[in-house]
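Attaching a single structure in structure tokens format; questions to follow.
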Amino acid sequence: MTIKINTFGNFDIKLDDESILKKSKRNNKNLELLKYFITYYNKKLVPEDIIESLWPDSDFIDPKNALRTQIFRLRKGLESVGLINSEETKHYFDIIFENGFYIFDPGDSCTIDFVQFEEKVKEADSLRVDNPEKAKKAYLEAIDIYKGEFLAENPYSEWAFLFRSRYHRIFVQSVLRLFELLKENNEYLDIIDIYERVVNYEPFEESFHVYFLDALIELHEYKNALNHYNYITARLYKEMSVRPTPELKAIYRKITAGSEDDPEKNLTQISYTIINEDVINGALFCEPDYFKAIYNFERRKILRSGDKEFLGLISIIETGSNCSDKDIDVAKNILHEILARFLRKGDVFSWWNKSRVVVLLTDIAEENLQNIGNRINEEFKKRLLTPQISLEISFQPVGAKESFIQ
């Protein structure tokens, strides 16, 4: 029987790969106490420190007795799911009180993810110079263990903050060291693959994007590189009011320099070269393939954050039989200009086909969608001189089962 404790991302305890927490009733105080003990496993803990860390605002008449009661309840809860040591089992959890200290012993059959994570990182660091291939393997194993922030379900627990910051720093540092080893051997496809795995955990870690963009450039994927540069700089500005750093600006210059002779250089690249790169105005326009990548990125992100984002579909409709191809082209140009002007920084749009545009709206309340649709429609009617052409606009939440772009 093996016990696995997961603290990265969603906290869980698994007995022979089956979740114990999903089966048992959760007591918040018990669970918080257990997380604290696990974090400080095999350490001597003073009762007063435990109480101050976990329940600083509680007005206990007898704090030590209250803690003893809580630990008794925790032991009973662990006993009910077979995780506490008994006369028959000596390899599971144990909570010991000795010489005025509490000690949590996870037992010989237990593995804890943050312990494994640190061990793999130390192994990789020790091999970087003498055996880079083994170092890369160890870094990959460490990165696979990290499933998100340490005790992500406890964002406001002050006692967990230092540990969360520490493991976040180690994770970012390990990814960057792995990227550097891969770059030394020109393993750019591996950089892209790893980037796509880690960016969901750290979407605004600029260094990750720099390595990713550099890999795309080395593979001569200038269009994708420019699309991603546009997207991430817009997102950094919208979410954090951060303008492109010197490192990102240098990457942009490499993109434009490398794509000068590219026969597939498109209008997005040309237009972006003309404008001042320090200015990020309006929505991002991109190709359909890249829109899909952005959409999937945002869809995965909101699964964790719970934010509301919406997908819009705008169709150009011919209501008469006298429309020429030129009329349709004029209507498309007008709609494109309206979207570029009226949508906000951080929004994204793309021509899905010859007559339809898809729009990704971020950080918006559902009640404002109707106003956005009306505004686009009114501006379109005002500027278009062909009454036989109109717009049909609809919206749905990102992640809807019947998505516009599936």
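In segment 365-406, if the dipole is taken from +1 on Lys/Arg beta carbons and -1 on Asp/Glu beta carbons about the Cα centre, which of P397, G373, L385 is farthest to the positive end?
The Cα lying farthest towards the positive end belongs to L385.
Taking 0.36 nm per intervening residue step and subtracting the Cα-Cα distance, what contour gain separates F204 from D325 on full extension?
This chain segment gains 39.3 nm when fully extended.
Report, in deg cm²/dmol and to the nearest 500, the calculated mean residue ellipticity at 222 nm for the chain, where each DSSP H run with n ≥ 4 adds -39500 (n - 2.57) and the sum is divided by the residue count.
-17000 deg cm²/dmol
Now, a different point. Give the long-range amide H neighbours of F285: residues separated by 5 or more places, or on another chain, with amide H under 5 Å away, using H modelled in the peptide plane at 1.01 Å from N.
Placed amide hydrogens put F349 under 5 Å from F285.
When we measure straight from the Cα of K22, which lysines land under 29 angstrom away, once same-chain ones fewer than 8 places off are left out?
K4, K14, K35, K43, K76, K90, K120, K147, K301, K308, K401
Looking at the chain as a GNM with Cα springs under 10 Å, which of T319, T245, T233 has the largest mean-square fluctuation?
T319
Using modelled backbone amide H atoms (1.01 Å from N, in-plane), which distant-in-sequence or interchain residues come within less than 5 Å of I389's amide H?
T319
Using the Karplus curve 6.51 cos²θ - 1.76 cosθ + 1.60 with θ = phi - 60°, what ³J(HN,Hα) values do you get for each residue of segment 233-246, in whole Hz, with x for Gly and Pro?
5, 5, 5, 4, 5, 5, 7, 10, 6, 9, 8, x, 7, x
To the nearest 20 debye, what is the magnitude of the charge dipole of the chain about its Cα centre, counting +1 on the Cβ of each Lys and Arg and -1 on the Cβ of each Asp and Glu?
My answer is approximately 820 debye.
Sticking with this one: If you plug each phi of segment 376-385 into the Karplus form 6.51 cos²θ - 1.76 cosθ + 1.60 with θ = phi - 60°, what whole-Hz ³J(HN,Hα) values come out, in order, with x for Gly and Pro?
5, 4, 4, 5, 5, 5, 5, 8, 8, 9
From the phi of every residue in segment 331-340, what ³J(HN,Hα) in whole Hz does the Karplus formula 6.51 cos²θ - 1.76 cosθ + 1.60 yield, where θ is phi - 60° and glycine or proline is x?
4, 5, 5, 5, 4, 4, 5, 5, 5, 4
With label points built 7 Å along Cα→Cβ from the Cα atoms of R344 and D12, find their separation and express it in nm.
Here the modelled spin labels are 3.5 nm apart.
Classify segment 115-281 as rounded, prolate or oblate from the Cα gyration tensor: take a ≥ b ≥ c as the square roots of its eigenvalues, call it rounded if a/c is under 1.5, otherwise prolate when a/b beats b/c and oblate if not.
oblate
What's the Cα-based Rg to Rh of the chain, Rh via Kirkwood?
Radius of gyration relative to Kirkwood radius: 1.08.
What are the radius of gyration and Dmax of segment 288-397, computed over its Cα atoms and given in Å?
Final numbers for Rg and Dmax: 14.7, 50 Å.
Calculate the FRET efficiency for E378 and R169 from the Cβ-Cβ distance with a Förster distance of 51 Å, rounded to the nearest 0.05.
0.50
Around V242, which amide H atoms from residues at least 5 apart in sequence, or from another chain, sit under 5 Å from its own amide H, with H modelled in the peptide plane?
Sorted by chain and number, the residues that satisfy this are Y237.
Estimate the FRET efficiency between V115 and E218 by the formula 1/(1 + (r/R0)^6), using the beta-carbon distance for r and 45 Å for R0, to the nearest 0.05.
Plugging the Cβ-Cβ distance into 1/(1 + (r/R0)^6) gives 0.75.
Only the coordinates and a few stated rules stand behind these numbers; no lab work does. Everything numeric in this text was worked out from a predicted model, so none of it was measured. In this analysis, Cβ positions are derived from the backbone assuming ideal geometry, glycine residues included, and neighbour counts consider all displayed protein chains.
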